[in-house]
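Remarks on the structure that follows.
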Amino acid sequence: MSGKHTSVVQAALLVQHLYDYGMRHAVVCPGSRNAPIIHALVAHGGWELSSVIDERNAGFQALGISLGLGIKPAMVVTTSGTAALNLASAMAEADLMNLPLFAITADRPKEWIGQQDNQAIVQSNIFQPYVRYSAEFLQSKNQDFSWFNAQKLAEAWIASQTPRRGPVHLNIPIAEPFYSPLEQALLLPKASKIELPIASSHNVTEAKRELLGKKILVVAGQSLDYHSEIFSAWQSLPQAFVFSERLANLPSMEGWNSEGACMDLELNAAKAPDLVIYFGGPVVSKRMKLFLKRLDVPFWTIGSGFFPKTYEKIDRYFVADVNEWMAAMLPEKENSSFNSVWMEENIVANEVETWEEKGIYRKIFPFLTADWIHWGNSGVIRYALDLPFTGKKEWGNRGASGIDGSLSTAVGTASLGESVDLVIGDISFGYNANGLWQEKGNLPLRIWVINNGGGKIFSSLEGPKRFEEALPYQETPHPFSIQKVAEAFGAEYHRVASSEEWAMFSSSFNFSKRERFQVIELVG
Ligand SMILES: Cc1ncc(C[n+]2csc(CCOP(=O)(O)OP(=O)(O)O)c2C)c(N)n1
């Protein structure tokens, strides 16, 4: 084989092997250096592709796709240089939320790094703290190197899924020519079959005995993986209480009134457990976090490969699948008032008539009818805690809690044809507005923008309030027009600014029609 076709061959290898492993979705960012990969994806014919100019958005969009697929790998492909660096936010989020995002970054040939060549920066290991695996393809003038690169793909695939799901990075040096056709007779090595472990049942007899006579607080953090029937069975135990916020996606609880409930989570004898069992992502409620940190009782945690000390202590680690473990550990019912004491806090928030933030959330809530509800960060996710559970799939980028990718993540999920209601603050919307820059604007995404004139979370916190003269620098009151931004990207736009307008809008708007991006600005 002639060396001229090396890059084209390696791109074809990458695309074919990831396809054989089961990947189907790629978000492609335009560029020259990654052209062989783009061509290979298109030539393959089996891939679902979208093209996104801003790599930061592309990374989050691929993350939203992975999510919508039920936490399956999806890739984002960039050209070389700062394009690659722009994936860092999404990689950090994928790391903390355990999503198998593949960052495929095209690179210059190694000899051109550090020589002031165009778009040539150091790209090896750039996402090092955030990835389960990172590797570089060998540039070869010799087809034998294909087996080495194939091996990297297999290792990346395995590392993205076990022992702890998460992002991986493959850096692909690509030499010119970019556009030579793939020789037909070329024999690429075939992808190996990868058998991932099936969770084995855990021996729990001894640990189960320790639950006897104990008041057990189960803290189920953010996840899309819980089997709700198992958790409902736990919730029906008088001696146990399952604490889960809405991002835990456990409709077995009615609601969690974070204001009323968490305000006085002082340690009192009735609420104090004898044992805490926790798993999943972090909880949003700061008061709950503080409550847990103050407890001086044993903490057990369950997971595979990832055991954060979210509440400062772990007395026992169980390496197991959470659902299997919880099913196997389910104790017999005991006489106890523990569940009912906690249930008193499990209050569904009442309707609020006024047109201020709390009232706006309560009013729009019954109209969030999509397959998915995505919540933006900042005040939005905190107001959301007060609302009843829906039984829908709900998500928030709560790993790194950045405001930079919530919109693009929702676009990613909607790009699979899943309808999405995204509730987002005005600053977060403006930050990520070019996530609406899509070749297809006809995705079933409805965006509810809570326009309170800035990042109002800061004026609601005690600390920033004490330095009022500095507050404008944190709140960033903004001059941009949500209408113009929405319309610039071809979205349908509506504005509601009072209870009366809401009454009119909600009775006349066709909520079941979701044919293209819609932006509903709620001015409060
Ligand atoms: C990438 C990133 N930059 C900055 C922040 C800090 N930050 C947290 S909340 C916030 C303001 C968000 O305002 P908005 O979306 O309007 O929501 P509101 O506070 O009004 O509820 C900022 C700047 C962040 N979380 N992520």
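Values quoted throughout were computed directly from the atomic coordinates according to the rules given, and no laboratory measurement underlies them. This structure is a prediction, so every number in the text was calculated from the model and none was measured. Every residue, glycine among them, receives a Cβ derived from its backbone with ideal geometry; neighbour counts consider all protein chains shown.
Some observations on this one:
- Cα pair distances in segment 33-172, grouped into 5 Å bins until the bin that holds the longest one, percent each: 2, 11, 20, 24, 22, 14, 6, 2, 0
- Cβ-placed point charges (K, R +1; D, E -1), dipole of segment 357-523 about Cα centre in debye, nearest 20: 300 debye
- The HN-Hα couplings worked out from phi for segment 272-277 by the Karplus form 6.51 cos²θ - 1.76 cosθ + 1.60 (θ = phi - 60°) are 6, x, 9, 8, 10, 10 Hz, whole numbers, x standing for Gly and Pro.
- In this rough spin-label picture, where each label sits 7 Å from Cα along the Cβ direction, the T205-Q483 distance is 7.2 nm.
- Take the Cα of N442, go 7 Å toward its beta carbon, and the backbone nitrogen atoms of segment 485-512 under 20 Å from that spot belong to 487-493, 510-512.
- Per the Kirkwood formula applied to alpha carbons, segment 357-523 shows a radius of gyration over Rh ratio, Rg over Rh, of 0.95.
- Note on segment 294-449: semi-axes of the ellipsoid equivalent to its C-alpha gyration tensor, largest first and rounded to whole Å, are 34, 22, 16.
- Residues with amide H under 5 Å from that of V242, placed H, sequence gap 5 or more: V218
- Charge sum, other residues only, whose C-beta stays under 13 Å from N249's C-beta, Lys/Arg counted +1 and Asp/Glu -1: 0
- Added length on full extension, which subtracts the Cα-Cα distance from 0.36 nm per residue, T390 to V42: 121.4 nm
- Relative contact order (%) - criterion: Cα under 8 Å, at least six apart; region: segment 205-344: 31 percent
- Sequence-distant residues sharing a close amide H with W448 (under 5 Å, placed H): L422, V423, I424, I520
- Cα centre as origin, Lys/Arg/Asp/Glu Cβ charges: the chain dipole, Debye: 780 debye
- Within the shell of other residues whose beta carbon sits under 13 angstrom from the beta carbon of S51, the net charge comes to -3, with Lys and Arg scored +1 and Asp and Glu -1.
- Whole-Å distance, taken between Cα centres, linking segment 36-115 and segment 454-524: 30 Å
- Segment 390-429 and segment 275-317: distance between their alpha carbon centers, rounded to Å: 26 Å
- Amide H within-cut-off set for F279, under 5 Å, with H built and near neighbours excluded: V219, G221
- Taking label points 7 Å from Cα along the Cα-to-Cβ direction, Y473 and E155 give a separation of 4.6 nm.
- Near D20, once Lys and Arg are set to +1 and Asp and Glu to -1 for all other residues with Cβ below 13 Å from its Cβ, the sum equals +3.
- Using the Cα coordinates of the chain, the gyration tensor eigenvalues translate into equivalent-ellipsoid semi-axes of 42, 31, 20 Å, sorted from longest to shortest.
- Extension gain for the segment H227 to A503, taken as residue separation times 0.36 nm less the Cα-Cα distance, is 95.6 nm to one decimal.
- Pairs of C-alpha atoms in segment 290-344 farther apart than 15 Å represent 63 percent of all such pairs.
- Across segment 474-523, the convex hull enclosing all Cα atoms gives 98 Å³ per residue.
- Principal axis dimensions, segment 205-344 - Cα atoms, whole angstrom, descending: 37, 32, 29
- Cβ-Cβ distance of R516 and Q128, R₀ of 56 Å, FRET efficiency by 1/(1 + (r/R0)^6): the value works out to about 0.90.
- The chain - percent relative contact order, Cα under 8 Å, separation 6 or more: 13 percent
- Across segment 357-523, Cα pairs under 8 Å and at least six residues apart give a relative contact order of 22 percent.
- Given their separation in residues at 0.36 nm each and the Cα-Cα distance between them, E492 and S419 gain 24.7 nm when the chain is fully extended.
- Debye intensity ratio in log₁₀ form over the Cα atoms of segment 9-105, taken at each q of 0.14, 0.24 Å⁻¹: -0.44, -1.28
- Annotated for segment 288-375: lysine pairs at least 8 residues apart or interchain, Cα distance under 26 Å, count 5.
- Restriction of the trypsin sites (Lys or Arg not before Pro) in segment 445-512 to DSSP coil positions whose beta-carbon has at most 12 other beta-carbons within 10 angstrom yields R466.
- Backbone geometry of segment 387-393 corresponds, through the Karplus equation with coefficients 6.51, -1.76 and 1.60 at θ = phi - 60°, to 3J(HN,Hα) couplings of 8, x, 6, 9, x, 8, 7 Hz, x marking Gly and Pro.
- The D315 and I71 beta-carbon pair, evaluated with R₀ = 41 Å, returns a calculated FRET efficiency of approximately 0.90.
- In order along segment 303-313, the phi-based Karplus estimate (6.51 cos²θ - 1.76 cosθ + 1.60, θ = phi - 60°) of 3J(HN,Hα) comes to x, 9, x, 9, 9, x, 8, 4, 10, 6, 9 Hz; Gly and Pro are listed as x.
- For L49 and N268, the FRET efficiency from 1/(1 + (r/R0)^6), where r spans their Cβ atoms and R0 equals 60 Å, is about 0.60.
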